[in-house]
Amino acid sequence: MWSVRLSGKAANEIGEETAIPLSERIALGGIRTVRGYGWYSIGPYVGEDNVRGDAYVLLSTELIFPLKWDPVYRKNLIHAVLYYDAGVVWNEAGEAVDDLKNFEFGEVRSSVGLGLRLYPGGMPIPVEFYWSLPFAKKGDKTARFQIGIFGMPF
């Protein structure tokens with residue numbers, strides 16, 4: 001099976017406020033976004049601090065291979081995954097519009113890798129193991145091996 005996910009978001013100021021609160025700002029990285037990078041490590045930095053951004057675009061594509069069919073649960077309990085993830089976070093939504101118009105994706109972070117998804121006892125949420133090869137720039141926080149247990153990262 002082949003799966004493709006393309007998502008994006010832009011945060012907006014509300015009312016008289018000119019600054020978007022940190023809790024509403026965007027960062028990528030980790031099993032749920034761009035695998036192979038540390039959790040919330042992709043975004044604009046000020047010094048050593050990730051200040052997160054106002055807009056993002058994320059592309060994730062997977063080839064999923066079922067490995068173990070269970071007739072009791074009537075589902076595949078083990079899947080192998082081959083994936084490619086790419087994402088970019090912009091400090092301001094205006095920068096995103098300019099980059100998209102000119103097709104300049106200099107800050108895109110991406111990775112390829114292999115994964116294994118286990119559905120123990122037919123549960124709907126998997127235990128996931130991913131080995132990644134991130135195409136990182138110097139100073140990026142990467143993680144070659146990541147685990148997710150029942151939707152929670154470890």
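Which condition number in (1) over 16 Å from residue 10 (Cβ atoms); (2) open to solvent by 80 Å² or more (accessible area, probe 1.4 Å); (3) touching a residue at least 24 places away in the same chain (Cβ under 8 Å) is the one that residue 102 fails?
Unmet for residue 102, out of (1) over 16 Å from residue 10 (Cβ atoms); (2) open to solvent by 80 Å² or more (accessible area, probe 1.4 Å); (3) touching a residue at least 24 places away in the same chain (Cβ under 8 Å): (3).
Testing residue 19 on (1) assigned to a loop (DSSP other than H, G, I, E, B); (2) aliphatic (A, V, I, L, M); (3) modelled with pLDDT of 85 or more, one condition comes back false. Which one is that?
Exception for residue 19: condition (3).
Quick test for you: out of 29, 53, pick the one residue that is of a type in the set (Gly, Ala, Ser) and more than 24 Å from residue 124 (Cα to Cα). Working first, answer last.
Values: 29 fails: more than 24 Å from residue 124 (Cα to Cα).
Just one listed residue meets the conditions, 53.
List every residue pair whose Cβ atoms lie under 6 Å apart, where the two residues are 6 or more positions apart in sequence or sit on different chains, the first residue falls within the range 64-88 and is polar (S, T, N, Q), and the second residue, located anywhere, is at pLDDT 90 or above.
76/66
I'm checking my understanding of the structure. Among residues of the range 24-60 that are in a strand (DSSP E or B) and aromatic (Phe, Trp, Tyr), which one is surrounded by the fewest Cβ atoms within 10 Å (Cβ to Cβ)? Walk me through how you get there before you give the answer.
Going residue by residue through the range 24-60, those that are in a strand (DSSP E or B) are 26, 28, 37, 42, 45-46, 49-50, 53, 55-60.
In the following step, the residues that additionally are aromatic (Phe, Trp, Tyr) were identified as 37, 45, 56.
On the way: 37: 25, 45: 13, 56: 24.
The selected residue is 45.
Does at least one position in the range 70-79 carry a residue that is in contact with a His (Cβ under 9 Å, 6 or more places away or on another chain) and open to solvent by 70 Å² or more (accessible area, probe 1.4 Å)? I'd like the intermediate steps shown before the answer.
Within the range 70-79, the first condition is being in contact with a His (Cβ under 9 Å, 6 or more places away or on another chain), and the residues that meet it are none.
Within the range 70-79, none of the residues are in contact with a His (Cβ under 9 Å, 6 or more places away or on another chain) and open to solvent by 70 Å² or more (accessible area, probe 1.4 Å).
Just checking, how many residues over the range 108-130 are surrounded by 15 or more Cβ atoms within 10 Å (Cβ to Cβ) and within 27 Å of residue 76 (Cα to Cα)?
As a first pass, look at the range 108-130 and keep what is surrounded by 15 or more Cβ atoms within 10 Å (Cβ to Cβ): 108-113, 115-119, 126-130.
Then drop every residue that is not within 27 Å of residue 76 (Cα to Cα), which leaves 111-113, 115-119, 126-130.
Residues flagged as surrounded by 15 or more Cβ atoms within 10 Å (Cβ to Cβ) and within 27 Å of residue 76 (Cα to Cα) within the range 108-130 amount to 13.
Among the residues of the range 109-120, is there at least one that is of a type in the set (Lys, Arg), within 25 Å of residue 2 (Cβ to Cβ) and modelled with pLDDT of 85 or more?
Yes, because at least one residue in the range 109-120 is of a type in the set (Lys, Arg), within 25 Å of residue 2 (Cβ to Cβ) and modelled with pLDDT of 85 or more.
Surrounded by fewer than 14 Cβ atoms within 10 Å (Cβ to Cβ), outside any helix (DSSP H, G or I) and either at pLDDT 90 or above or not aromatic (Phe, Trp, Tyr) (or both) - does that describe any residue in the range 83-95? Can you show your working first?
Just the residues of the range 83-95 that are surrounded by fewer than 14 Cβ atoms within 10 Å (Cβ to Cβ), to begin with: 94.
Right, trim to outside any helix (DSSP H, G or I) and you get none.
No, the conditions are met nowhere in the range 83-95.
Applying the selection to the range 14-71, what residues are among the polar types (S, T, N, Q) and more than 10 Å from the chain's Cα centre (by Cα)? It would help to see each step written out before you state the result.
Taking the range 14-71 first, the residues among the polar types (S, T, N, Q) are 18, 23, 33, 41, 50, 60-61.
18, 23, 41, 50, 61, listed by residue number.
The values are calculated or read from the model by the stated rules, or taken from the named source; none is laboratory data. None of these values were measured; they are calculated from a predicted model. Quick reminder, even Gly has a Cβ in these numbers, built from the backbone with ideal geometry, and neighbours come from all protein chains shown. Note: accessible area is taken over every heavy atom of the protein model, side chains too, but ligands, DNA and RNA are not part of it. Shrake-Rupley method; radii C 1.70, N 1.55, O 1.52, S 1.80 Å.
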